[in-house]
1. Tell me the helices (runs of 4 or more DSSP H) entirely within chain B that contain at least 3 residues that are farther than 16 Å from residue A:118 by Cα, among the polar types (S, T, N, Q) and in contact (Cβ under 8 Å) with a residue 60 or more places away in the chain.
2. Scanning for something surrounded by fewer than 18 Cβ atoms within 10 Å (Cβ to Cβ), part of a helix (DSSP H, G or I) and either in contact with a helix residue (DSSP H, G or I) (Cβ under 7 Å, 6 or more places away or on another chain) or among the aromatic types (Phe, Trp, Tyr) (or both), does region A:23-45 turn up at least one residue?
3. Looking only at residues that are within 25 Å of residue A:204 (Cα to Cα) and modelled with pLDDT of 85 or more in region A:84-108, which one is farthest from the chain's Cα centre (by Cα)?
4. Given (1) facing chain A (nearest Cβ under 8 Å); (2) out of contact with any His (no Cβ under 7 Å at 6 or more places or on another chain), identify the lone condition not met by residue B:59.
5. Do you know which of the residues in region A:48-66 that are in contact (Cβ under 8 Å) with a residue 12 or more places away in the chain and over 13 Å from residue B:71 (Cα atoms) is surrounded by the most Cβ atoms within 10 Å (Cβ to Cβ)?
6. In this structure, is residue A:202 among the charged types (D, E, K, R), in contact (Cβ under 8 Å) with a residue 24 or more places away in the chain and under 23 Å from residue B:59 (Cα atoms)?
7. Give region B:32-56 a look and list any residue that's buried (at least 19 other Cβ atoms within 10 Å of the Cβ) and more than 7 Å from every other protein chain (Cβ to nearest Cβ), or say none.
8. Considering only region A:102-118, how many residues are part of a loop (DSSP other than H, G, I, E, B) and more than 9 Å from chain B (Cβ to nearest Cβ)?
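The values are calculated or read from the model by the stated rules, or taken from the named source; none is laboratory data. What you see is a predicted model, and the numbers here were worked out from it, not measured in a lab. Cβ sites come from the backbone with ideal geometry, for glycine too, and all protein chains shown count toward neighbours.
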Amino acid sequence: MTQSSDSFDQDRLRQQDHAAFEALVCKLHSPMLSVARAIVGDSLAEEVVQEAWVSAYRNLPRFEGRSSIKTWLFTIVSNEAKTRLRKEKRMVALEDITQDGSVDYLGDDRFHRFGGHWKQPPPDWHLDSPDQLLEERHLQKCIDHTVSILPPQQRAVFLLRDIEQEALSEICNILDVTESYVRVLLHRARLKLMQVIDRYQETGEC
Amino acid sequence: MLNCRDVAHEASDYIDDNLSWWRRLMFRLHLFICHNCRVFVSHVHTTREFIRKRGTTNASPEQVQKVMSAVERQSEQK
């Protein structure tokens, strides 16, 4: 089930209305989990997000609306995760983007060595609009699967930017990374999903 | 002048409007003469729009329940 993260009823949330809060959890739990995973890794992420939700609920009456409620929540989970990381004295290795060689489109074998022109040009798509792609149920499953196996930081950046439409500067603050790094991760995530669409257009399979 | 490899690396920055005006001009000049890069950039753009239209995946009822129980426990302790 997918739907866009619309605006939430801030007045009801400030009053700690359970139904409004539950709707918030339902829509934002997945990206919150992605943010936590990008900072503390898989094993602690669930716990960190749980603590972040409890902390958010407690502080809702003091939410001033200076940022969107989503940005506020992502900042809370990011802070919880960073605090937890310090407590655990653990180091979670950042992804080395040079090791992430699974983006075919950026591989050297894709281009002529001299001149840098396409050796293997991108294939034509017979489904070439977002609406046509949205009608393909099997493709949706392929995309969900691919998003779920993106490296944690890539997935967090992708969800925050392309789904939740957070500003690049906010993403840098939330994940404590530079803007150029965010842009590289975002591009790689998009290209991986684009490869899935390429394959689906060609074979009808993931 | 940019080449196709540069375009492949910077396509997201182009569609997200994150290039300097000069780089953007160079990018557009390349697209003007290169069919393959026009196809590539159009696919990146379609992918981004498709993903945005799909929106977020909701949490499972179990995940929501777990959070709500933790919140309720916390409220009772106060």
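1. none
2. Taking every residue of region A:23-45 in turn, none turns out to be surrounded by fewer than 18 Cβ atoms within 10 Å (Cβ to Cβ), part of a helix (DSSP H, G or I) and either in contact with a helix residue (DSSP H, G or I) (Cβ under 7 Å, 6 or more places away or on another chain) or among the aromatic types (Phe, Trp, Tyr) (or both).
3. So the residue we want is A:107.
4. Going through the list (1) facing chain A (nearest Cβ under 8 Å); (2) out of contact with any His (no Cβ under 7 Å at 6 or more places or on another chain), residue B:59 breaks only (2).
5. A:48
6. Against the criterion (among the charged types (D, E, K, R), in contact (Cβ under 8 Å) with a residue 24 or more places away in the chain and under 23 Å from residue B:59 (Cα atoms)), residue A:202 does not qualify.
7. B:34, B:37, B:41
8. 5
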